[in-house]
Ligand SMILES: Nc1ncnc2c1ncn2[C@@H]1O[C@H](COP(=O)(O)OP(=O)(O)OP(=O)(O)O)[C@@H](O)[C@H]1O
Ligand SMILES: Nc1ncnc2c1ncn2[C@@H]1O[C@H](COP(=O)(O)OP(=O)(O)OP(=O)(O)O)[C@@H](O)[C@H]1O
Ligand SMILES: [Mg+2]
Ligand SMILES: [Mg+2]
């Protein structure tokens, strides 16, 4: 199997305070073609930052990065913007953790969902794009795709916005989908639909997925492999079943023990 | 680290520039190298020399001494006008945006009225009621400046008002005034500060413009603005007469804007 | 004694017009909702995404104008944990300021006391003192969410609306925060409207549960009634998706 | 060939102010308007550049010995700008209009003395006065307008002068054109545009860029900056510039105080500071170009003498000086500058001057009409070629005695001057008036300001007048 | 529909309020139109007669009412100093000023947008720093002084235009445009400096938002992110300023018109105030108020169009 993402010795350091802060240290992570990798861990441990780095979106100059991130032949850490943009929104798409602020408040949903298509598939006509947009909106269980298509972000509920983010990321068929807590604001029925959808696109298009989540049950049903992060390092990683059934690291054990139980 | 240093660098530059203008101005209140009013035929239009570093004007008065004295008046008018104008303008803008409805309508109409009223006529009315003088200019200008601040603040407030953090503040028991001025205002400070700087410039220059009405500083006293406009007569033959007061204004404004940008 | 009583609440929003001269159309989001929350009770609210839970929460707290219907509440400083921590934290204020805000407004505490309490609360939600001087933009999603929770708990109010308060927290922290909420609820006889998608969390926390769909409450009852013997189809579907029913 | 050249010729003259009062020469008042209308309208007589009255609409003018009956003979073939001949009816109507006492007094104050205006025949007009007045002829420069304009039948602006009015655009320009049917020496330049230059600071640029060819009343600073494309002609403004003192205001009601101020002032120094020494010092309300009346010796009465001034002040009870407010119309830069220097000069005798700049209209109402002021700096001009134009206002009962000057001796001398029918005697009385003004230190007299005129070297022939006038008709293209 | 009617009523009230204030202002300031007309030949009797003729003896509110009823009939009265109908007097000038304002407005936008964009995108580099300084200096140069400098440098030294050679738009529109370029530039530069400072600040703030990251993630080029996302958001504070700037340019052209010898409203407004020619002042102010109101209305509408959140 082909390796699609290779992260080696990634370190991320912040420089915007008097003291430099290292938030990710020597992180290694590989994702192969068609694989779904879960990334779980403590809140604030650096999951989102790792994901952003992999997507080539850490460009602030007060952040110091080192290591290697190789996505399908592109160096995501240091490549020029022109090169990155060939990848972003085309071979790679991102579902952001915060759907509220990650949508442009002044643009209609439809426009935002269609944006990657507009950039990377200029051959599509406007109506084709719209059809595709409505299609993905429906796929993420938005019941009135027309209304959503014509709404502004502030007119949608939290869950709807999150689904819009998902739809936008899936409007094209990326090789790698980075999903940063994509289902937190969704009710369980929709959550399950989304999980099915993700499995589906993996199956039909061979898309690899980096799935960041706190919901270990979702991770266990969706992912092939999982990595557990704490304090900027991956403390444990491996096959989902193995990790969940035989956690080795203290933190992993604690994590699994904290899953709320319902005794009916 | 690097970034913090750069910040200080701008701030220091701003402080230095402001000091270059303000220290002589403060000293000028108590002491000037030469009397600023007594005339000397022998020195009429004298070129810069060691004893008169900026030369002398058409009455043989030392320009450096006059700039020392004039700066403080200019500073007073600039700061005073902007202070009152932006204070009242911000209040008006904040209240209209925050409460909306009738208050908004009425205050914005009043605003339109002030804005349509020629400042010249306004200044004349002030002279008629209060007599000529520095403070009269200050108030006439401040009133003329209110609408622009009110408009800018209103626009920004409208945008902020709909955000969740405002609602959260309300739940945290903050009173309306506190919400407006402690919570919202800091978020529009950047825009407000750039309009305050604009206003400072305008005030300094408008004061010069009003001197031909005989309000403001009356000769032989001088402000930087009035020195500049007097110098226009000699623009071709003695451009340095305009140069020094002009430079002083520019340095003053530049210094203040650097400081306020860094502080904000 | 009910701390909150909601009677036949209706709310609708303007629909985005496609053409300028189109007639304004409305969508009804809440279609007549009635319920009450007793003192010292945690009421779980579960429902389809987009069915109007957040709208209901905001309406209860008076953050959205109510058209018809009534909300009667008898609590002094009702608090809300917003679903979106980013938008609800003032970007220009430090964590320390944000957390002190309710204390400043509603108590007479001195600065030192306030700071003490803030530090304590920060610890309770699993954040260290280092975060006091951070701005919201410098926090991770979960950290922001914890700051919002902390703020809403500062005053020890009698009534709290929590709109998906723990959705982006990892399970260990989640457990810690839930324990905190439960603890506070016991000690201060706090009433909570707890909105969540996580049926397990709701089960752990709430004695009573309401299920919402399409702007209506389709089912409500005690935890056991709902989880063991659901009547409504949607409820059944929910439980099934969560793996709590076959 | 010369005729042809003048067909094409044109000039653009910059003026500082638009004609804001009226294009009707009977209703206009300001000096700025007068100097423009001088080219369009003429009276029965008109002043020449030597300061003499010469016949204009009338070909002959005469009076009886005691100056009660004035007889005018209409010039043959004289025409208005529409080529209609001027008739005696036009003359009578014009004079009657100015003498009409309705609307609060006659348009020309002196015409209240007219008993009757009659056309003797087709060519002769006789004016009879109530009281003898040998100086009356100076008033007859009042413009002659068509009778049907006066009756309101037409609003067309028609005069008999060398230029006819073509059009105007308020605050922009006034267009004149040489009148072919002019009776006298015809204007040399065909097309004239009087362009209003609102901003004094742009005058130099306007001249240098060739946008205007001529500008009267430059300041020395402006004149210095002009290139050698321009000729700078120097004359006087024919204004009495002084610190006018409100004689009714304490402590200025004390002649010793007024004298002290006169001793403290130094006219030459003022000129040195404000106009590079240009200008003519004066000692009373008369300017040098009225050479017949001007008394240079009065300049020497108050030479700067600080000790004497201090002494006078002590005598008057102000050994430590006093505060004096000088109100100046802010739009007249030269007066403001004079004020600045005066302030310094008065410091020497502890008179603490406050310069109050006000806008022209406020000056008119507060200072001039309401006489609510302490002192002011202004230049007073003469509307006619007669000493009376300058001296009448100091009669204690005169309407326009804005300084509240009150001297029985002056009133007597002035009355004698008006009454006398003998020219030498009259001149003597006028001189007495001036001496009294000086002695009483009515005002702190300063100067008749220098008038600098920039004229593009393409043109020549400019003539100065002893009155506030610009005679465009004399200007011609340089060879 | 009702909002439109409300706006119109509001505007009419505003205009009435300004003109009423002008009446009051003229009542307060010293000097009167009759005196202005008579000048130093005024006597008590003549003044009284002229006042009667001008109708100045009547009480303030009667005059105001008269004026309003005249305006309703489309009659702005007669100018005291020029003895001609006010509309005739200021008609062409009003248009000239309007064109000048429009011209400078366009220039301002043409200057502002590219410079602030470039500068904000290259924040911190040499060009940006240079721009910031030049901008500060531009803001500090008085309009009249700037106008003089422009005319001096471009008119006198480089002879790019003939100073004072104003051509009326009715004579030659292209001549008009090429002459007006310079005064328009003189007006536009300081305003553009302000606009740049506002837009720059707004852009720098806006870039920090999360949605910008989203836009990048879709493969937008920096330009794409900028033009499609940031710019529109950042323009919101600018819109307010632009609205005011346009109205300001109409009333603020006074100085520049004088410097460049343009027969616009500026000079006549100034002289009419000094002459106490209030029919003229009134008409001009109504004209300016009209623009103020319209530009504010446009700003409000534009807000609503651009920002769905304030709808
Ligand atoms: N300002 C608004 N304008 C128009 N429609 C709105 C507005 N706010 C919310 N809505 C609509 O109201 C409905 C309910 O929204 P609400 O935020 O209450 O849902 P929710 O139950 O909280 O969903 P979620 O679990 O996804 O957060 C949605 O369909 C949404 O599109
Ligand atoms: N501007 C900043 N300056 C300093 N530290 C920062 C800044 N931004 C983020 N951090 C820190 O970086 C760490 C990692 O953040 P990240 O968003 O990757 O966390 P996460 O694992 O995604 O957490 P969560 O599950 O809560 O979203 C956090 O501890 C956060 O506080
Ligand atoms: Mg995260
Ligand atoms: Mg919600």
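The values are calculated or read from the model by the stated rules, or taken from the named source; none is laboratory data. Because the structure is predicted, anything quoted here is derived from the model rather than measured. Cβ coordinates were reconstructed from backbone atoms using ideal geometry, including for glycine residues, and neighbour counts include every protein chain displayed.
Computed quantities for the displayed model
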item	result
Enumerated strands (runs of 3 or more DSSP E) restricted to the stretch D:145-251, each holding at least 1 residues that are under 30 Å from residue D:74 (Cα atoms) and within 25 Å of the chain's Cα centre (by Cα)	D:163-169, D:173-178, D:191-196
Residue match in the stretch B:202-224 (condition: modelled with pLDDT of 80 or more, within 16 Å of residue B:54 (Cβ to Cβ) and part of a helix (DSSP H, G or I))	yes
Those residues of the stretch A:153-190 which are within 7 Å of chain C (Cβ to nearest Cβ) and either near ligand 1 (Cβ under 8 Å from one of its atoms) or closer than 26 Å to residue C:27 by Cα (or both), in sequence order	A:155, A:157, A:158, A:159, A:160, A:184, A:185, A:186, A:187, A:188, A:189, A:190
Only listed residue being more than 8 Å from every other protein chain (Cβ to nearest Cβ) and surrounded by 24 or more Cβ atoms within 10 Å (Cβ to Cβ), chosen from B:210, B:177	B:210
Qualifying positions in the stretch A:194-238 - closer than 24 Å to residue A:21 by Cβ and within 11 Å of chain C (Cβ to nearest Cβ)	A:212, A:214, A:228, A:229, A:230
Residue tally, condition assigned to a loop (DSSP other than H, G, I, E, B) and either without any contact (Cβ under 8 Å) to a residue 24 or more places away in the chain or within 13 Å of chain B (Cβ to nearest Cβ) (or both), over the stretch D:347-396	6
Condition check for residue C:27: within 14 Å of chain A (Cβ to nearest Cβ), modelled with pLDDT under 90 and touching a strand residue (DSSP E or B) at 6+ places or on another chain (Cβ under 8 Å)	yes
Test result for residue A:130, part of a helix (DSSP H, G or I), surrounded by fewer than 24 Cβ atoms within 10 Å (Cβ to Cβ), within 14 Å of chain C (Cβ to nearest Cβ) and away from ligand 4 (no atom under 16 Å from the Cβ)	yes
Yes/no for residue C:21 being assigned to a loop (DSSP other than H, G, I, E, B), more than 16 Å from ligand 4 (Cβ to nearest atom) and either exposed (fewer than 15 other Cβ atoms within 10 Å of the Cβ) or modelled with pLDDT of 90 or more (or both)	yes
Residue within the stretch D:320-335 that is free of Cβ contacts under 8 Å to residues at least 24 places away in the same chain and either more than 30 Å from residue E:274 (Cα to Cα) or touching a strand residue (DSSP E or B) at 6+ places or on another chain (Cβ under 6 Å) (or both) present	no
Condition check for residue E:245: within 14 Å of chain D (Cβ to nearest Cβ) and either closer than 30 Å to residue B:187 by Cβ or under 20 Å from the mean Cα position of the chain (by Cα) (or both)	no
Selection count, the stretch A:153-173, where residues are within 16 Å of ligand 4 (Cβ to nearest atom) and not in a helix (DSSP H, G or I)	2
Number of the condition not met by residue B:195 [criteria: (1) within 12 Å of chain C (Cβ to nearest Cβ); (2) part of a helix (DSSP H, G or I)]	(1)
Number of positions in the stretch C:59-83 that are surrounded by fewer than 21 Cβ atoms within 10 Å (Cβ to Cβ) and not in a loop (DSSP other than H, G, I, E, B)	6
Qualifying residue in the stretch A:14-24 (condition: farther than 29 Å from residue A:216 by Cα, away from chain C (no Cβ under 14 Å), away from ligand 1 (no atom under 16 Å from the Cβ) and over 19 Å from the mean Cα position of the chain (by Cα))	no
Strands (runs of 3 or more DSSP E) lying entirely in the stretch A:8-85 (those with 3 or more residues that are within 16 Å of ligand 3 (Cβ to nearest atom) and within 15 Å of residue A:234 (Cβ to Cβ))	A:21-32, A:36-41
Hey, residue C:99 within 16 Å of ligand 1 (Cβ to nearest atom), within 18 Å of the chain's Cα centre (by Cα) and away from chain A (no Cβ under 11 Å) or not	no
When residues of the stretch A:133-152 are limited to those that are surrounded by fewer than 18 Cβ atoms within 10 Å (Cβ to Cβ) and within 12 Å of chain C (Cβ to nearest Cβ), the one farthest from ligand 3 (Cβ to nearest atom)	A:146
Residue in the stretch B:14-24 that is surrounded by 18 or more Cβ atoms within 10 Å (Cβ to Cβ), in contact with a strand residue (DSSP E or B) (Cβ under 8 Å, 6 or more places away or on another chain) and at pLDDT 85 or above present	no
Residue check for residue E:251: out of contact with any helix residue (DSSP H, G or I) (no Cβ under 8 Å at 6 or more places or on another chain) and modelled with pLDDT under 85	no
Subset tally (residues that are assigned to a loop (DSSP other than H, G, I, E, B) and within 16 Å of ligand 2 (Cβ to nearest atom)) for the stretch A:86-113	7
Residue that is surrounded by the fewest Cβ atoms within 10 Å (Cβ to Cβ), among those in the stretch C:143-172 that are away from chain A (no Cβ under 12 Å) and assigned to a loop (DSSP other than H, G, I, E, B)	C:156
Sole exception among (1) modelled with pLDDT under 90; (2) in a strand (DSSP E or B) for residue C:86, by number	(2)
Test result for residue E:104, touching a residue at least 60 places away in the same chain (Cβ under 8 Å), farther than 23 Å from residue E:282 by Cβ and crowded, with 18+ Cβ neighbours inside 10 Å	yes
Filter result for residue B:36 (farther than 20 Å from residue B:240 by Cα, part of a loop (DSSP other than H, G, I, E, B) and more than 11 Å from chain D (Cβ to nearest Cβ))	no
